[in-house]
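Structure first, commentary second.
The values are calculated or read from the model by the stated rules, or taken from the named source; none is laboratory data. This is a predicted model, so every value here is computed, not measured. Don't worry about glycine lacking a Cβ; one is built from the backbone with ideal geometry, like all the others, and counts go over all protein chains shown. Surface accessibility is based on the protein's heavy atoms, side chains included, excluding ligands, DNA and RNA. Shrake-Rupley method; radii C 1.70, N 1.55, O 1.52, S 1.80 Å.
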Amino acid sequence: MTELKTAMHNMFRMAAISVVSLVLSGCDGGLCLFGDGSSCFSAGSKKEHQGYHAEAADYYGKGCVLGDSASCNRAGEIWVGGDVPANYYKAVEMFRAGCRNGISDSCRRLGLIYRDQFGDHRNSLRMIHQACRMKNQEACNDLGHVLREGFVLPPDDAAAMDIFARGCYGDNASSCFFLAGMLEERKMSDKAFVLYHKSCTLKHGSGCNRVGEIMVKNGEAQNEAGEFFRKSCDLGFGNGCFNLAEIRFHGTENQDFREAVVLYSRACRLNHGHSCHILGEIMGNESYYVGDNVNMMHNMELSSLYLQKSCELRDGDGCNDLGIIYYSGEHLAVNRKEARRFFWLACNYGNADGCVRLGRIYQDGIDVSPDVLAAEKYFLMACDRDNGEGCFRLASVYMNSSGETDESVTDDAYRYAQQSCSLDFAEGCRAVGEIFDRGIGRELDVVLADKYYDVACRMNDGASCFYLGVAYYSGRGVPQDYDRSREYVMKSCELGYPQGCTGAGIIYLNGKNVEVDPALAIKYLTLGCSLKDGDACYNIGVMYERGNGVPQNADTSKGFYGAGCDLGNTEACFAYDDLSSRVPPAENLSVSEKESGPASPDEGENASSVSEKAVGEKVQNAEENMTERRDGVSSEENRIKDGNAERNNNATVSSIPPVSGSGDRVSVNTNADNAPAGGSVPQNDKKVKKSGKVKKGDTVRKTVRKHKT
């Protein structure tokens, strides 16, 4: 009796479930359960409209089994993915059934899955060809591309153009667009333009965009081109929105910055990666003003989201910017691993700057083991994309790799340095000059070297201007000319090259073809010291020790000697120890001691200028140390160096500098009114290395010191 009750309970339960199912799915669901395929399709459509895509796929699948072709095709489309997790095996089963039942789109989609998911080009071609024979023009277009690219069959452009022509004649917009592209490749621009225009008339967004691009290229009115871009944008083509935004943002007619931002946003929503990148830049700029005081909202969180999306859309610029943000810790926590990943993505998405930055990370061993081969690989990738810095960095790798003795290596160094120079990268031209200046794999030729330095200097490379200044000062490769020397050295300082500022200070201290001016000397030397040139700090120390144009002050002198020592100047280390041994701290001096004269007769000599002997020593040092000075570009650069003249810069910048040549320079205001206060004691005065750089047995320098060039 109990078993009978249980059985009846289950029957009623199943009946209730069936009733509920019929109510939820309507009559079509009930009829589907009883074997009506078209009802299954209707029930699936209702479920899909309600957002139940998996249940809809089940109904479509039942309809397909019951012989409803439309159900097969729709079930396959759902299983391709998007609304449900992709299941290509189920999709193939559904499309194969649809194709057998005469649905041409099922045949085409089956062919695309074979090609894109399984790499089966032969079966893909068979299914696409079958769909084309069933008058599916999109399949015919696919077949045209297969014939162009030569998968399975040999390339056949004539057959491809014939297929596109027949499709275009039948008013297929895509066929017209593809045929126009092939004609444009063959320099048949007029016919191509007509077909692009026809494809636009047939509502092909890419066609409208291309019409606008051709008009802009031909110099036609931006407003007329803009109408085609707007039509392209309205047809859902992101590049059309982007091009119209560019006209509104940068154009000469009807600029409208607010509309430009709206259009960039619209393009970004249409998955145009570079538009997302531009929005990220706008939102990330702390004071972004355009037009008539239009203030764009500064929102770093939103900026990062836009950059993230641009990178996901394979925009290399967006990935590169994210790498910079993670590397520098600007607005986000420093994460060198993430920075390296984004630089790698940027490089692989075609951004040459990302390749350069990645190469520098491996070259310097920043949070990774140093790997010269990896650095060389990424520099080469950048150079192959016509990035001047990439070629320059590659040249530096070759010049440093084998002691400059391997002929093939030095030939590569010269070739890549020349390529960098031809790409208008100033440091590349300087590198070619250094190759001739030092005779690396080439005959020594200082005249030719100076010509390349001149090219680089005109491109605002501070180091090259300084090299020319030294050349004119010493008459090496050019006629000796102190006035021109001063011009080049001053320009070098204005471009932020530390030794240029030091050289300018020495010039005004010496008075070669210029009036001796200790005030200007201290100004430029202070600039040089602030830019981390140890020679400048040392010379300021000498001036304060001797009271040369500044009040005599031993403690201030010691401060500058200490700063110079920390920056690798050995003479400054000796001078610091010497002065410390002779002069007690200022707070321990009596009033009479503070007011007393120099410690020895030698120190009381006239210090208005350096003696002729000292000037001769400076000129000689300038000639002998030409290579040393030309290698001291800055500790931030992986520069071309001779292996034994590298400065020990204890203030190495931890961030990767900008990739552009101008970005590596420090802007220096040489206006006397705005110069740093002469003689201000460096901040590291209390942390001076007192004797660490002086080896045991070294003789302490004599009391009277000469300025060092």
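Contact map, the range 406-421: first residue closer than 17 Å to residue 373 by Cα, second residue small (Gly, Ala, Ser) and open to solvent by 60 Å² or more (accessible area, probe 1.4 Å), Cβ cut-off under 7 Å, separation 6 or more or different chains; pairs are 409/401. For the range 534-571, the set of residues classified as under 23 Å from residue 517 (Cα atoms), in contact with a Phe, Trp or Tyr (Cβ under 7 Å, 6 or more places away or on another chain) and open to solvent by less than 10 Å² (accessible area, probe 1.4 Å) consists of 537, 538, 540, 541, 557, 560, 561, 564, listed by residue number.
Among the residues of the range 120-135, count how many are part of a loop (DSSP other than H, G, I, E, B) and either of a type in the set (Gly, Ala, Ser) or farther than 16 Å from residue 169 by Cβ (or both). Please lay out each step first, then the result.
Initially, the range 120-135 is screened for residues part of a loop (DSSP other than H, G, I, E, B), giving 120, 134-135.
Remaining after also requiring either of a type in the set (Gly, Ala, Ser) or farther than 16 Å from residue 169 by Cβ (or both): 120, 134.
So the answer is 2.
When 168, 107, 176, 140 are checked against the criterion of being crowded, with 18+ Cβ neighbours inside 10 Å, of a type outside the set (Lys, Arg) and farther than 29 Å from residue 210 by Cα, 107 stands alone in meeting it. For residue 147, are the conditions met, namely being under 41 Å from the mean Cα position of the chain (by Cα), at pLDDT below 90 and part of a helix (DSSP H, G or I)? Considered against the rule, which asks whether it is under 41 Å from the mean Cα position of the chain (by Cα), at pLDDT below 90 and part of a helix (DSSP H, G or I), residue 147 comes out as yes.
Of everything in the range 460-484 that's touching a residue at least 24 places away in the same chain (Cβ under 8 Å), of a type in the set (Ser, Thr, Tyr) and over 17 Å from residue 392 (Cα atoms), which residue is least open to solvent (accessible area, probe 1.4 Å)?
Residues of the range 460-484 that are touching a residue at least 24 places away in the same chain (Cβ under 8 Å), as a first pass: 460-467, 469-471, 473-474, 476-478, 482-483.
Now drop any that are not of a type in the set (Ser, Thr, Tyr), which leaves 464, 467, 473-474, 482.
From the residues that got through so far, the ones that are over 17 Å from residue 392 (Cα atoms) too are 467, 473-474, 482.
On the way: 467: 1, 473: 28, 474: 17, 482: 49 Å².
Per the stated criteria, the residue is 467.
Of the helices (runs of 4 or more DSSP H) contained entirely in the range 314-381, those carrying at least 1 residues that are touching a residue at least 60 places away in the same chain (Cβ under 8 Å) and farther than 21 Å from residue 281 by Cβ fall at 352-364.
Just one of the numbered conditions (1) part of a loop (DSSP other than H, G, I, E, B); (2) of a type in the set (Gly, Ala, Ser); (3) surrounded by 17 or more Cβ atoms within 10 Å (Cβ to Cβ) is not true of residue 219: (3).
With respect to being among the hydroxyl-bearing types (Ser, Thr, Tyr) and over 28 Å from residue 563 (Cα atoms), residue 492 falls outside the description. Scan the range 353-392 residue by residue and report those that are of a type in the set (Asp, Glu) and in contact with an Asp or Glu (Cβ under 6 Å, 6 or more places away or on another chain). Across the range 353-392, there are no qualifying residues. Which of the residues spanning the range 496-530 are surrounded by fewer than 23 Cβ atoms within 10 Å (Cβ to Cβ), under 34 Å from the mean Cα position of the chain (by Cα) and not in a helix (DSSP H, G or I)? The one that is surrounded by fewer than 23 Cβ atoms within 10 Å (Cβ to Cβ), under 34 Å from the mean Cα position of the chain (by Cα) and not in a helix (DSSP H, G or I): 496. In the set (1) in a helix (DSSP H, G or I); (2) closer than 22 Å to residue 572 by Cβ; (3) open to solvent by less than 40 Å² (accessible area, probe 1.4 Å), the condition left unmet by residue 457 is number (2). Within the set 411, 437, 386, 450, the sole residue that is open to solvent by 30 Å² or more (accessible area, probe 1.4 Å), acidic (Asp, Glu) and in a helix (DSSP H, G or I) turns out to be 411.
For (1) in contact with a helix residue (DSSP H, G or I) (Cβ under 6 Å, 6 or more places away or on another chain); (2) under 24 Å from residue 100 (Cα atoms); (3) at pLDDT 60 or above; (4) not in a helix (DSSP H, G or I), each residue gets a yes or a no:
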position: 3; (1), (2), (3), (4): no, no, yes, no
position: 13; (1), (2), (3), (4): no, no, no, no
position: 24; (1), (2), (3), (4): no, no, no, no
position: 35; (1), (2), (3), (4): no, yes, yes, yes
position: 42; (1), (2), (3), (4): yes, yes, yes, no
position: 48; (1), (2), (3), (4): yes, no, yes, no
position: 51; (1), (2), (3), (4): no, no, yes, yes
position: 63; (1), (2), (3), (4): yes, yes, yes, no
position: 70; (1), (2), (3), (4): yes, yes, yes, no
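Using the structure shown, decide if residue 361 is open to solvent by less than 40 Å² (accessible area, probe 1.4 Å), modelled with pLDDT under 95 and β-branched (Val, Ile, Thr). Here the answer is no, as residue 361 does not meet what is asked.
Just need a number here: residues in the range 150-163 that are under 18 Å from residue 131 (Cβ atoms), open to solvent by less than 40 Å² (accessible area, probe 1.4 Å) and under 40 Å from the mean Cα position of the chain (by Cα).
Going through the range 150-163, the residues under 18 Å from residue 131 (Cβ atoms) turn out to be 151-153, 159-160, 162-163.
Subset that is open to solvent by less than 40 Å² (accessible area, probe 1.4 Å): 159-160, 163.
Remaining after also requiring under 40 Å from the mean Cα position of the chain (by Cα): 160.
Total satisfying the criteria: 1.
Hey, could you check the range 222-237 for residues that are open to solvent by 50 Å² or more (accessible area, probe 1.4 Å) and not in a helix (DSSP H, G or I) and say which is nearest to residue 271 (Cα to Cα)? Reasoning before the result, please.
Applying the first criterion (open to solvent by 50 Å² or more (accessible area, probe 1.4 Å)) to the range 222-237 yields 223-224, 227, 230-231, 234-235, 237.
Then keep just the ones that are not in a helix (DSSP H, G or I); that gives 235, 237.
Numbers: 235: 14, 237: 9 Å.
Among them, the one singled out is 237.
Of the residues in the range 415-424, at least one is in contact with an Asp or Glu (Cβ under 7 Å, 6 or more places away or on another chain) and either among the aliphatic types (A, V, I, L, M) or open to solvent by 50 Å² or more (accessible area, probe 1.4 Å) (or both).
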